[in-house]
Each structure stands twice: as structure tokens, then as C-alpha cells.
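Read-outs: derived from the displayed coordinates by stated rules, not from any lab. As the structure is a prediction and not an experimental result, all values here were calculated from the model. Because the Cβ atoms are built from the backbone with ideal geometry, glycine has one as well, and the counts that use them run over all protein chains shown.
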Amino acid sequence: MTGLFSTVDEFLRTEGLFARAGAERSQFWAQLRMVAFCGAVYGAVMGSFHGLAGDGWKQIALSAAKVPLLFLATFALCFPSFYVLNALAGLRDDFPRVVNAVLGFQSLTAIVLAALAPITELMNLSTTAYSFMLLWSGIMFAVATVCGQWKMNSLYRPLIASNPRHRLLAIGWIALYWFVGIQMAWVLRPFVGSPGMPFQLLRPQAWGNAYVEVVELVLRVLHQ
Amino acid sequence: MRQLWRQVDQLLRRQESALADDALHDVRASYLAVGIVLLAAVYGFFMGWYAIFSRAVPEWRQVAADMWKMPTLFLMTLVICFPSLYVFSALLGSRLSFAQMLRVLLAIVALTVTVLASFGPIVGFFALSTENHPFMVLLNVAFCAVAGVLGVGVLWKALRILLAPKVEAAGNVPPLIQPPLPSQSDRQVKSLFRVWILIYAVVGAQMGWVLRPFISDPKAPFMWFCGKEGNFFLGVWHALVSVFS
């Protein structure tokens, strides 16, 4: 436990393990652990909206599993394409560092989310409005994402300095990651758990495509 | 198998130099062909998932169909476009023999299907969660287009190296015909190659249209081939219009 905290600290300050050159492999595993743990903390808080009454613990456990899954599954799905694109661009030798840079986005996002978890818990305890909590979590994710993006940029900077092609690939990663990540978040709903609905692993009726749904929503509004 | 993987990896890592290195004399055409078939089949496998998850009764035949249609698509396109590329490059005074040119093109197609296969998991994930048929069609078209553009981009770079007059060799063997000025030949290569890319893209697209359906409509019964109607560009247009209707 203290080991994880000191790892997070080192990551935030870019010291120790994360300042060492040639330690890409252990940096990678350390980052995965951080994403899994911090994501689970925020997920648990998000799922605790209904408290512990009745089946409440189920939603907590489920959300705690879903947030890390959201990050790691998206990463795993985009990974093969990103490897091939990097190799194609002739950047195969930098790839261990590149992986740590794009994983840095997820690590910092998860850490910031975990840091914001106590505030979210306060909101949970002080409100009964489900839609407010959805919006709140949306804002928390937005804040954390901005921080993560900043971290990824700073990790990418030396790579771009060594070869400008990295800039294009970083943009490509972001495009691919968001394209898959948005759909992944859609598929993994519910994170908070609507009060009117019984507990469920996933929403069976809405196992659909986020992009199609959004455009249909817009069209419906326009046609009214 | 390991040998095959090594060759694809090598191709990925140092594409231009590998291609320019006397047109891949250390790469075997048969390995590349097998690699193309396997990697294209991997993508076809993920492509076929839509027919499994979108239907009440999973249609496994679509997976099987896609797994042989994708390799067929790429190999047939290659066979059709290869003669024109060879003739064009020979016209421009290329040093490449027929077999060497074939290896170059095989390598490019192998690169393209490698990119495509790496998109496979993403296609599989969307197939898992999407109902909308035109969306899946467009997603696959987009991925194929990205892979195609990247492959052609590498071919472009490789050909500029391969078709450039070899300066070092000129010292040993005096060339019979004076090679054209570099800038002029460069421009020729560019314009002719542009035409060839257009041919390649149109042939590839239309070949895909002939082999459809890759992503069969869940409301229609399964079929191995569709009838003769329309063309690729009309098809994409209809899909675009009907995603949201």
C-alpha cells in the first residue's frame, strides 16, 4: 500500500522510478497498477450514490471494477494499431517510451479522479438528484482528462524533440483512443446506477452505438 | 510461422530501407503471400463478428465468408493492378525485374493488411456493441481506407528510391543510356504513380463491391454474394445517407 503511494508520488513528481532511463518495463507495470487502483477508488465512490442499503454494495463493487476496465480495455484495444502505426512511421525503437507516454495520460487521469473522489463522495451524501451526480461525474472526468492530456504532452515533448513524427502519432493516438473510449464508456453503463432501475451489470436495452445515438438525439431535437 | 512473423516485423520496422535494399532479395514472395492471407483472414474474422452479434441466430457462415473474402480481395486487387504498375515503372526506366517488382507490391500489400489486422480488435468491439448496419459498413470502409493510404504511402516512398537512377553503380558499369535528370524523372514518377494509385484505389474498391456482402444486413437472410448492381461509390453514399434513418 505504501509502495503504491510512493509510486504515485514518484509519478507525479517524475522522480525515482519515473526519472530512470531504461526502466520502461517497470514503469509500465507501475502505471498499470496505478490505473487499476485509482480507477477503482473513483469507481467505488461513483457507485456508492445509493449507499449501502439493500444491494448497494453490488453497485459499488461493480463500478469499482468498471472504471479500471474502461481505461485498460480501451488501451488494450487501441494498442495493436498504435504499435503498427509507430513501426510504420519508423519509430519502433522509441516504442517503450511511447507506451509509457500514452499510459501516462491514463495514470494521471485515474490519479486525479481518485484525488477528486472525496469531493464526489461529499456530493453523493448531500444530494438525491441522480442527474446531478451524472453531470458531476462528467465534470470530474473532464477535469481529470485535461490533467491527463497535459501529462501526456509533457511526456511526449522529448520524443517530439527527437523526431517530429511523434507529434502526428500522438494526435493519432488521441483520436483513436477517444473514438474507442467513448463507445467503451457507453457500453459499460451504468456507472452510477439510476435509482428507478434495478441493479444490473450492463444496460441490456441500450447495448448500442454511442455515436449513432447522439446523432439520432440531435436529429430528434431538430425535427421537433 | 516464426519466420513469417519476423519478416512482417522487419518490413514494418525498416520499410523503405528493406524495400530499397535491392528490392528485398532476402524476402521470399511465398512468405509474404502467406502472411497476407493470414493477416487479412484475421481482419475478416473480426469483421464477421457483426453477423454473430447482430442477429437473433448467429450467422457463422458470414465469419467464414469474410475470412476468405478479405484475402481474396487483396490478392485479386494485387493481381489485377500488378501488370500496370510493372509497365509504368519499366517505362520510367526502373532497374527492377518482374519478380522484384512483384515482391515490392507483395510487401506493400502485406503492410496494408498488417495495419488492417491491427484494427481488428477495435472492429470486433464495435461489432459487439453496435446494432446499426450502415455504421458498421462505414467503419470498415474507413479502416480499410486508412490501411490502404498508409500502404500506398510506403510504396510511394519506396518507388522514389527504387526508380531513382543509381549513382554509385554508374562508376563501375557505364550506363548504355544516359539516365534522365533526377528532377525530371522525379516529376514523371510522381505523375505516373498518381495515376496508378487511382487505378489501385478504384480496383480495390470495386473488388470489395464485387465480393460483398462483408457485413451482411441483419434483417436480410445470409447470402454468399449479392447480385450485380450499383457500385462501390454509390454504396458508400447510400450507407452514409441511411446511418441515421
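Hey, if you put +1 on the Cβ of every Lys and Arg and -1 on every Asp and Glu Cβ in the protein assembly as shown, which of B:N132, A:A185, B:V113 ends up farthest toward the positive end of that dipole?
With unit charges placed on the Cβ atoms, the residue in question is B:V113.
Which percent of the Cα-Cα distances in the protein assembly as shown go past 30 Å? Kindly include the intermediate steps, with their values, before the conclusion.
Numbers: 60868 of 109746 pairs.
Summing the P(r) of the protein assembly as shown above 30 Å gives 55 percent of all pairs.
Among B:F214, A:F105, what is the fewest-to-most ranking by other Cβ atoms within 10 Å? Let's see the in-between values first.
On the way: B:F214 22, A:F105 27.
The order, fewest Cβ neighbours first, is B:F214, A:F105.
For chain A, modelled as a Gaussian network with Cα springs under 10 Å, which listed residue fluctuates most, A:S63, A:S126, A:S137?
A:S126
How far apart, in nm, are two points set 7 Å out from the Cα along the Cα-to-Cβ line at A:H223 and at B:L38?
In this crude spin-label approximation the distance works out to 4.9 nm.
Can you work out D for chain A in µm² s⁻¹ from Stokes-Einstein, where Rh is the Kirkwood radius over C-alpha pairs, the temperature is 20 °C and the viscosity is 1.002 mPa s?
Details: Rh = 18.7 Å.
Translational D for this selection: 114 µm²/s.
Quick check on the exposure proxy: order A:K151, B:K219 from fewest to most C-beta atoms within 10 angstrom.
Working: A:K151 22, B:K219 8.
By the 10 Å Cβ count, ascending: B:K219, A:K151.
Sort out for me the Cα centre separation of region A:97-111 from region B:122-153, rounded to whole Å.
Value for the Cα centre distance between the two parts: 26 Å.
If r is the Cβ-Cβ distance from B:V57 to B:W224 and R0 is 22 Å, what FRET efficiency results, to the nearest 0.05? If you can, show how the numbers build up before the last one.
Details: r = 17 Å, r/R0 = 0.78.
Result of the calculation: an efficiency of 0.80.
Pairs of Cα atoms under 8 Å, at least six residues apart: use those to get the relative contact order of region A:1-90, whole percent.
That works out to 22 percent.
Given the C-alpha centroids of region B:70-100 and region A:153-185, what is the distance between them in whole angstrom?
If we compute the Cα centre of each part, the gap is 35 Å.
Which residue, A:V102, A:V214, A:V112, tops the fluctuation ranking in a GNM of chain A built on C-alpha contacts under 10 Å?
Among A:V102, A:V214, A:V112, the largest GNM mean-square fluctuation belongs to A:V214.
What ranking do B:F126, A:F18, B:F233, A:F179 get, fewest neighbouring Cβ atoms within 10 angstrom at the top? Write down the numbers at each step before the final one.
Values: B:F126 25, A:F18 21, B:F233 12, A:F179 17.
Least crowded to most crowded, the residues run B:F233, A:F179, A:F18, B:F126.
Can you classify region A:59-160 as rounded, prolate or oblate using the Cα gyration tensor, where a ≥ b ≥ c are the square roots of its eigenvalues, rounded means a/c under 1.5, and otherwise it's prolate if a/b beats b/c and oblate if not?
Numbers: a/c = 3.41, a/b = 2.23, b/c = 1.53.
Taking the square roots of the gyration eigenvalues as a ≥ b ≥ c, region A:59-160 is prolate.
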